[in-house]
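Worksheet for the structure shown next.
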Amino acid sequence: MAKREDEFYTLLKRVAQEMVSAAEEYVYIMQSFPESGARIPRMKVYETTIDEMVADIMKRLYTSFITPFDREDISNLALSMDDVVDLMEVVCTRLDLFQMDHMRPEAVEMAELTLKAMQELKHMIDLLPRYKKDENVMQHAIVVSRIEDGADRVYQNALRRLFSEEDAGKEIVTWLRIFDRMENCLNACDKVAGVVRSVVMKSA
């Protein structure tokens, strides 16, 4: 009979799946904005759902005697995953709060890179139960870091173009805030991968 999967792996996989769904919505909003503005509240639903899922992990964590790996690492992993979705929701909310009426191509590109990073994170989390034997866990974590590096270049190009436009005016401040949070979101993806890289290295 197959060994039953540890509950923490199962819970983390569910969070990862929900994160991918949130990232798909994030990309849709960016690609179709401003027509997609009415869908921005959906990001809050994802953010709340994942908050509750992570809170459940934390509750179980502090009442469990045995965990599949260090409980501090599980805590850091779950909270870091939560941060990613929080930041996606913040970005979308800013579009509404700042009353933006158009989208910049770099913002779409950064959102698409976020989805790619999230898909790699999901593959990584799906393989996490085999992290001591499967090299692909580390490989997916490394790919996330590469995606984040690529996003840094997009971010820099976005700011360079923003500040070079003579008619940007007051938009500079608003777009700067949005781009900063989009970059923070990608950094948060790499932080999730970083926690797993640390877990793998501890077992080496």
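The values are calculated or read from the model by the stated rules, or taken from the named source; none is laboratory data. Please read all numbers here as calculations on a predicted model, not as lab measurements. Neighbour counts run over all protein chains shown; Cβ positions are idealised from the backbone, glycine included. Each accessible area value is taken on the protein alone, full model and side chains, heavy atoms only, with ligands, DNA and RNA left out. Shrake-Rupley method; radii C 1.70, N 1.55, O 1.52, S 1.80 Å.
Can you give me the number of residues within the stretch 97-128 that are in contact with a Pro (Cβ under 9 Å, 6 or more places away or on another chain) and more than 18 Å from Lys191 (Cα to Cα)?
4
Being in a helix (DSSP H, G or I), charged (D, E, K, R), at pLDDT below 95 and loosely packed, with under 13 Cβ neighbours inside 10 Å is the filter here, so list the residues in the stretch 130-180 that pass it.
Result: Arg130, Arg160.
When you scan the stretch 75-94, do you find a residue that is farther than 27 Å from Thr10 by Cβ and without any contact (Cβ under 8 Å) to a residue 12 or more places away in the chain, even just one?
no
Mind checking whether some residue in the stretch 51-61 is under 15 Å from the mean Cα position of the chain (by Cα), surrounded by fewer than 18 Cβ atoms within 10 Å (Cβ to Cβ) and modelled with pLDDT of 95 or more?
There is at least one residue in the stretch 51-61 that is under 15 Å from the mean Cα position of the chain (by Cα), surrounded by fewer than 18 Cβ atoms within 10 Å (Cβ to Cβ) and modelled with pLDDT of 95 or more.
Quick check on my filter: what residues within the stretch 19-37 are assigned to a helix (DSSP H, G or I) and either without any contact (Cβ under 8 Å) to a residue 60 or more places away in the chain or open to solvent by 50 Å² or more (accessible area, probe 1.4 Å) (or both)?
Selection gives Ser21, Glu24, Glu25, Tyr28, Gln31, Ser32, Glu35, Ser36, Gly37.
Which of the residues belonging to the stretch 63-96 are in contact with a Lys or Arg (Cβ under 8 Å, 6 or more places away or on another chain) and closer than 30 Å to Phe179 by Cβ?
Of everything in the stretch 63-96, those that are in contact with a Lys or Arg (Cβ under 8 Å, 6 or more places away or on another chain) and closer than 30 Å to Phe179 by Cβ turn out to be Ser80, Asp83, Leu87, Glu89, Val90, Val91, Thr93, Arg94.
Any residue in the stretch 38-65 that's touching a residue at least 12 places away in the same chain (Cβ under 8 Å) and over 15 Å from Thr93 (Cβ atoms): show its pairings with residues that are outside any loop (DSSP other than H, G, I, E, B) and open to solvent by 60 Å² or more (accessible area, probe 1.4 Å) at Cβ separation under 6 Å, as long as the two are six or more apart or on different chains.
Leu61/Arg71
With respect to Asp126, determine if the residue is of a type outside the set (A, V, I, L, M), part of a helix (DSSP H, G or I) and either out of contact with any strand residue (DSSP E or B) (no Cβ under 7 Å at 6 or more places or on another chain) or surrounded by fewer than 19 Cβ atoms within 10 Å (Cβ to Cβ) (or both).
For Asp126, the condition - of a type outside the set (A, V, I, L, M), part of a helix (DSSP H, G or I) and either out of contact with any strand residue (DSSP E or B) (no Cβ under 7 Å at 6 or more places or on another chain) or surrounded by fewer than 19 Cβ atoms within 10 Å (Cβ to Cβ) (or both) - is met.
Within the stretch 90-103, track down each residue that is open to solvent by 10 Å² or more (accessible area, probe 1.4 Å) and either among the hydrophobic types (A, V, I, L, M, F, W, C) or outside any helix (DSSP H, G or I) (or both).
Those that are open to solvent by 10 Å² or more (accessible area, probe 1.4 Å) and either among the hydrophobic types (A, V, I, L, M, F, W, C) or outside any helix (DSSP H, G or I) (or both): Val90, Leu97, Phe98, Gln99, Met100, Asp101, His102, Met103.
Among the residues of the stretch 64-89 satisfying the criterion of being in a helix (DSSP H, G or I) and of a type in the set (Val, Ile, Thr), which is nearest to Tyr131 (Cα to Cα)?
That would be Ile74.
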